[in-house]
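Structure record follows, encoded as structure tokens.
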Amino acid sequence: MTYGGQIIHGCHPSFTPILLDCVRGRNDVSTDLLELCASRYFVNPDDNDWNRWSRHSKTTLIESTGGNADDRDTSLAVLRDYMAKQCTAFVAVGGRWWSSVPGRAGVPREFERAKAAGVPCFILGGFGGASQTYVQENPDWAEDLNNGLSRKENEELSRTTNFALAAGRIASQLQILSSSTGEQGFNGMSGM
């Protein structure tokens, strides 16, 4: 955010409060720094949290289409497609479901969508979860990340457990990428 980027996040309850605190702690009161996206399957637009969040961020409620509106997986696919189209960089941190229901693991699906679209990708596996398991179980994960880092640098970044170091490295690399492309900042999708 400090470097001119925007975060697009899928309203995961473990990370949304942290992102909102970051936005609230800034001097400017722009709601353009953070976009919180949720599927109607999970969020009622009259919910108190949803209304409160809209004071500090852009909130986008995604309607589930193409299938049964009560279908959790279809709803998540529609949400992920929306976020993937909005982002210009992808960062994976944590994630769930890998061991019990791999087909539901959002991080790998979001990562593969971003990677296929040529979006710069960063995977922070050192913090555990599906991000870590994905790195461990997929030897080619670091191919074609389009982030300007070498394979060795990506592997080191994927193992770090120092969040400040990881965030600084990614922000620095996004600055380098944006100056080489002439873009003003990045819209980064966070995979959780």
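The values are calculated or read from the model by the stated rules, or taken from the named source; none is laboratory data. Everything numeric in this text was worked out from a predicted model, so none of it was measured. Virtual Cβ from ideal backbone geometry, glycine too; neighbours counted across all protein chains shown.
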Q) How about segment 36-64: which of its residues are within 16 Å of LEU19 (Cα to Cα), surrounded by fewer than 20 Cβ atoms within 10 Å (Cβ to Cβ) and not polar (S, T, N, Q)? A) ASP49, TRP50, ARG52, ARG55, LYS58
(Q) Yes or no: segment 37-48 includes at least one residue that is assigned to a helix (DSSP H, G or I) and modelled with pLDDT under 80. (A) yes
